[in-house]
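First comes the structure, then the notes that go with it.
The values are calculated or read from the model by the stated rules, or taken from the named source; none is laboratory data. Nothing here was measured: the structure is a model prediction, and the numbers come from that model. Cβ atoms come from the backbone with ideal geometry, glycine included; neighbour counts cover every protein chain shown.
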Amino acid sequence: MEYDIIVVGAGVVGCSLARELSMYNTNVAVIDKAYDVCDGSSKANSGIVHAGYDAEWGSSKAKYNVEGARLYPSLCAELNVPYKRCGALVVGFSDDDKETLKRLYNQGIKNGVKELSLIDGEEARKLEPNLNKKVTCALNVPTSAIISPYELTYALADHAAVNGVKFYLETELLDAQFVDGLWHLKTNKGEFTAKAFVNCSGVNAAKINRLISRKSYQIIPRRGEYYLLDRLIPLPFERTIFQTPGRMGKGVLVSPTVHGNTFLGPSSNDIEDGSDTSTTVDVLNFVFDKARLTWPEATMRNVITTFAGNRAHEDHGDFVIGRVEDAPKAYQALGIESPGLTAAPAIAVELKNLIVEDMQLDKKDNILPAPHRNKPFIDMTDEERAEAAKKDPAYGKIVCRCEQVTEAEIRAAINRPVGARSIDAVKRRARPGSGRCQGGFCSTRVMEILAEELKISELEVTKSGGESKILTGRIEDVEGGCPIC
Amino acid sequence: MLEKHVDILIIGGGPAGLAAAIGAKEQGVDDILVIEREDSLGGILGQCIHNGFGLHRFKVEMTGPEYAQMDIDKVRELGIPTLCDTMVLSVDENRRVVAINKEQGLMVFNAGAVILAMGCRERPFGALGIAGTRCSGIFSAGTAQKYVNLMGFIPGKKVFILGSGDIGLIMARRMTLQGSEVLGVAEIMPYSSGLNRNIVQCLDDYGIPLYLKHTVIEVRGKERLEGVTIAEVDDMRKPIPGTEKHFDCDTLLLSVGLIPENELSQGANVEMSNTTSGPIVDDEFQTSKAGIFACGNVLHVHDLVDFVSDESMKAGKAAANFINKKTKKGTIINMLDGKGVRGVVPQKLKIPVDGEDAENVQVMFRPDKVYENARVKVYNGDNEIYSVKKRILAPGEMADIILKKDIIQNLQNAPIRVDIES
């Protein structure tokens, strides 16, 4: 398969870049070993568009963070995905914390972050009455925002796809050789050739880099574990509440999500295997205890799920973005940990600019807009719901009762340009099973719809690809048949 | 948008909704509508193909579908309108009900009375905070039951079960019968939360071990479940290090509690109980909002469908009385959980005013632990008004007492408290 440009990694950086490149006259493919786009760090993180006070002035992190945050509102509007400027407080409990917050404030000003202010505990509690009484100081960050990282990534992928980018999933890069002016990429699905090669592969980026470069990077998967709470409880905080950061990152947050849930997390623990997103008892307990520092009334009663994601922490602690020095027409975005999500749109623009310059690409005359996406049923007024059901009766069938997801929306999730092929993929695109019953009622129906739309047997439907099948057989195939009927 | 009036709108066409409809009709209200989200009536009974239903109410043992059919037939015979495949989206305190389906689209009903009969749902895996991967092969027992009994699929071959709720026990037997291997059932409490007969008939008869005071502490498996680790827990329900046991299995079923499904109730701002997770009701099953009634598992989780039906029949009658302006007018007093008692229902009681006939009131609750030869005592203020000896009380079986009408007639305006004295 021949392409001009191959992007390795279908996370938020890879998909952002693919979308940028799709606006030029060039052939682009994205390959990823996972079963779905957005299957690594991009799907399990805090979903924060960081204002930019946290990254050290002059670092790549600071540069792309601030620029990414600036790009977000228009990007989300264009892609029709949620973006909410809910603001943030970084809270402190001691004089030491206060000093750190002052440093962050000054760093933020230097980085160009607007509207920052230092406030005391009383003022913080006026803004957020559920804050711990022990909070003595806070950095108020009105420009901090929240998004849905996976909805964004799916929308980026869809927009890229309608403008001609091809996505090859379950396609793992095994080797890369530059021969006669072309990259030859060996994968488990055959060989690809490309004039240019971009490494956006998250926790695997160092491994991929070693295939093409002698310069060695070390990426340590740094796992973060989270609790997600039911959105039926009133939000304890309107803003994202950070604690004063330490050496291992930004600490445990308590934050609203764009869907009205609250999450607690993440932890920060270095692990060996970047694909291991297990949760652990001790760490979950740690997260809960930490969250209670911010929010003393937190209880386990409203937890609907726990999950983990891995950050791609590069040993030197900064992003590595740009041309690969010792390989021709090769580019990379490496060490993309927090604020990677925030930075992704800016990283994509930077890499696109380099590639456009090196390959002398022209912009397309006819760029298609992002595919239209209907307002979620749950957000519609009664009048809009009546109208939607009149136009498409499948809007009259609620499949997921917790999140009020209709059959129409589930079918749409499967039939998107980069569509869902598994229960989890549908869940993240349309939200059935994201609510308090976690799919107890709707998963059977989602499975049937998947089988129907994909024209496969129910036995082939998986939770998230590979061997994650839901069912192991049919009763009629059991020896002797069903003993009851 | 279609907007119409209905005297009594019943949300849910399971055993509670059907019995409530029958009760309301028999009490003289004709304009009733039962709304059911699934494509057929009967609720969860449809997938409960085992027997054991109906012994109390019909004095015969039936399967779930047979039991449901009794009420479905009765509803048809009485000519009560029902609307299946229809989802109620919201109810407000003025009893405006918005519903939607594929055929009619969005509908608005202005109801004279609303009966909440939405039932309950299972506590999901995610809520338990169990460590490990997020692989496939983990089901709530009811979901697995639906796959097996309604859809004809086998969810797994080597099964471990967490929680000894009745559905878990029933599924232990069901999975065994259809050829899967059930390795064991872990229960975090020192006693099962299921009915004793189910432990005997579903576990003991098949040699399936029950690990009391044990819980699953970790699940393993990259894509499909590969195994679980269980551990013994101490009295604080914390796992005891060194007691871990590993099981290789491809399936974990969960039967770790049922939660009344009250999203709609909360939308109507009815006052809720933290103990039952259902609405707070008076002895006529009326919630804190006039004309909104609740019954069945949405009110509090029952052990037997027979009791759901009895309760719902009463709620239906009470809703009909509300329509006919015959709701009791008496002074309201609170019913409180006393020593050893959790989740008294009803939580409020009306002292009949002059000219009103008192009726017997059934009071239901769960003990907080197992009691043998204990006494249930009821106080009205400081006065003991009722006392009864119970040979055995267990959290797995709902307890009830009947306060006779002469007691009700003579109540003082002071809270009622139910105690267990061992």
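Quick check: is even one residue across the range B:375-389 crowded, with 20+ Cβ neighbours inside 10 Å, touching a Phe, Trp or Tyr at 6+ places or on another chain (Cβ under 8 Å), closer than 14 Å to B:Ile408 by Cα and hydrophobic (A, V, I, L, M, F, W, C)? There is at least one residue in the range B:375-389 that is crowded, with 20+ Cβ neighbours inside 10 Å, touching a Phe, Trp or Tyr at 6+ places or on another chain (Cβ under 8 Å), closer than 14 Å to B:Ile408 by Cα and hydrophobic (A, V, I, L, M, F, W, C).
Of the residues making up the range A:31-63, those that are more than 19 Å from A:Gly9 (Cα to Cα) and not in a loop (DSSP other than H, G, I, E, B) number 6.
Results for (1) part of a helix (DSSP H, G or I); (2) at the interface with chain A (Cβ under 8 Å from one of its Cβ atoms); (3) crowded, with 23+ Cβ neighbours inside 10 Å, shown as yes or no for each residue.
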residue	(1), (2), (3)
B:Arg134	no, yes, no
B:Gln145	yes, no, yes
B:Gly156	no, yes, yes
B:Phe160	no, no, yes
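Listed conditions (1) under 28 Å from B:Gly221 (Cα atoms); (2) more than 9 Å from every other protein chain (Cβ to nearest Cβ); (3) part of a loop (DSSP other than H, G, I, E, B); (4) touching a helix residue (DSSP H, G or I) at 6+ places or on another chain (Cβ under 7 Å) are all met by A:Ala370, apart from (1). So for the range A:109-127 (the condition being touching a strand residue (DSSP E or B) at 6+ places or on another chain (Cβ under 6 Å), surrounded by fewer than 18 Cβ atoms within 10 Å (Cβ to Cβ), modelled with pLDDT of 95 or more and among the small types (Gly, Ala, Ser)), does at least one residue qualify? So far as the range A:109-127 goes, yes, one or more of its residues are touching a strand residue (DSSP E or B) at 6+ places or on another chain (Cβ under 6 Å), surrounded by fewer than 18 Cβ atoms within 10 Å (Cβ to Cβ), modelled with pLDDT of 95 or more and among the small types (Gly, Ala, Ser).
Of everything in the range A:298-324 that is within 14 Å of another protein chain (Cβ to nearest Cβ) and not hydrophobic (A, V, I, L, M, F, W, C), the residue that is farthest from B:Val216 (Cα to Cα) is A:Asn310. For the range B:360-388, the set of residues classified as under 23 Å from B:Asp310 (Cα atoms) and not in a strand (DSSP E or B) consists of B:Asn360 only. Applying the condition of being farther than 11 Å from B:Ile100 by Cα and surrounded by fewer than 16 Cβ atoms within 10 Å (Cβ to Cβ) to the range A:375-385 and asking which residue is farthest from the other protein chains (Cβ to nearest Cβ) yields A:Lys375. The set of residues in the range A:431-455 being in contact (Cβ under 8 Å) with a residue 40 or more places away in the chain, at positive phi and more than 10 Å from every other protein chain (Cβ to nearest Cβ) consists of A:Arg431 alone.
Of everything in the range A:248-287 that is part of a helix (DSSP H, G or I) and crowded, with 21+ Cβ neighbours inside 10 Å, the residue that is farthest from the other protein chains (Cβ to nearest Cβ) is A:Val287.
Selection within the range B:179-235: residues that are assigned to a loop (DSSP other than H, G, I, E, B) and among the polar types (S, T, N, Q). The member of this set that is modelled with the highest pLDDT is B:Ser180. So is A:Gly466 facing another protein chain (nearest Cβ under 8 Å) and under 25 Å from B:Ile49 (Cβ atoms) or not? No. Given the condition touching a residue at least 24 places away in the same chain (Cβ under 8 Å), touching a Lys or Arg at 6+ places or on another chain (Cβ under 9 Å) and under 23 Å from A:Asn366 (Cα atoms), answer yes or no: does some residue in the range A:164-172 qualify? Looking for residues that are touching a residue at least 24 places away in the same chain (Cβ under 8 Å), touching a Lys or Arg at 6+ places or on another chain (Cβ under 9 Å) and under 23 Å from A:Asn366 (Cα atoms), one finds at least one in the range A:164-172, hence yes. Hey, can you tell me all the residues within the range A:46-97 that are β-branched (Val, Ile, Thr) and over 17 Å from A:Leu341 (Cα atoms)? Within the range A:46-97, A:Val90, A:Val91 meet the criteria.
The set of residues in the range B:398-417 being surrounded by fewer than 16 Cβ atoms within 10 Å (Cβ to Cβ) and either acidic (Asp, Glu) or part of a loop (DSSP other than H, G, I, E, B) (or both) consists of B:Asp400, B:Lys404, B:Asp406, B:Asn410, B:Gln412, B:Asn413, B:Ala414, B:Pro415.
Yes or no, residue by residue, for (1) more than 11 Å from chain A (Cβ to nearest Cβ); (2) among the basic types (Lys, Arg); (3) surrounded by fewer than 23 Cβ atoms within 10 Å (Cβ to Cβ):
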residue	(1), (2), (3)
B:Asp166	yes, no, no
B:Cys202	yes, no, no
B:Lys238	no, yes, yes
B:Asp248	yes, no, yes
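Looking across B:Leu336, B:Leu252, one residue alone is more than 22 Å from B:Phe109 (Cβ to Cβ) and within 14 Å of chain A (Cβ to nearest Cβ). It is B:Leu252. Exactly one residue out of B:Gly112, B:Gly105, B:Gly64 is under 13 Å from B:Pro15 (Cβ atoms) and either in contact (Cβ under 8 Å) with a residue 40 or more places away in the chain or not aromatic (Phe, Trp, Tyr) (or both): that is B:Gly64. Taking the range A:351-370 as the range and being charged (D, E, K, R), surrounded by 13 or more Cβ atoms within 10 Å (Cβ to Cβ) and over 29 Å from the mean Cα position of the chain (by Cα) as the test, only A:Asp358 passes. The residues listed here are A:Ala388, A:Ala425; of these, the one that is closer than 20 Å to A:Leu450 by Cβ, modelled with pLDDT of 95 or more and buried (at least 23 other Cβ atoms within 10 Å of the Cβ) is A:Ala425. Applying the condition of being within 16 Å of A:Asn132 (Cβ to Cβ) and free of Cβ contacts under 8 Å to residues at least 60 places away in the same chain to the range A:83-100 and asking which residue is surrounded by the most Cβ atoms within 10 Å (Cβ to Cβ) yields A:Lys98.
Contact map, the range B:230-249: first residue in contact (Cβ under 8 Å) with a residue 12 or more places away in the chain, second residue of a type in the set (Lys, Arg), Cβ cut-off under 8 Å, separation 6 or more or different chains; pairs are B:Ile230/B:Lys245; B:Ala231/B:Lys245; B:Glu232/B:Lys213; B:Val233/B:Lys213; B:Asp248/B:Lys158; B:Cys249/B:Lys158.
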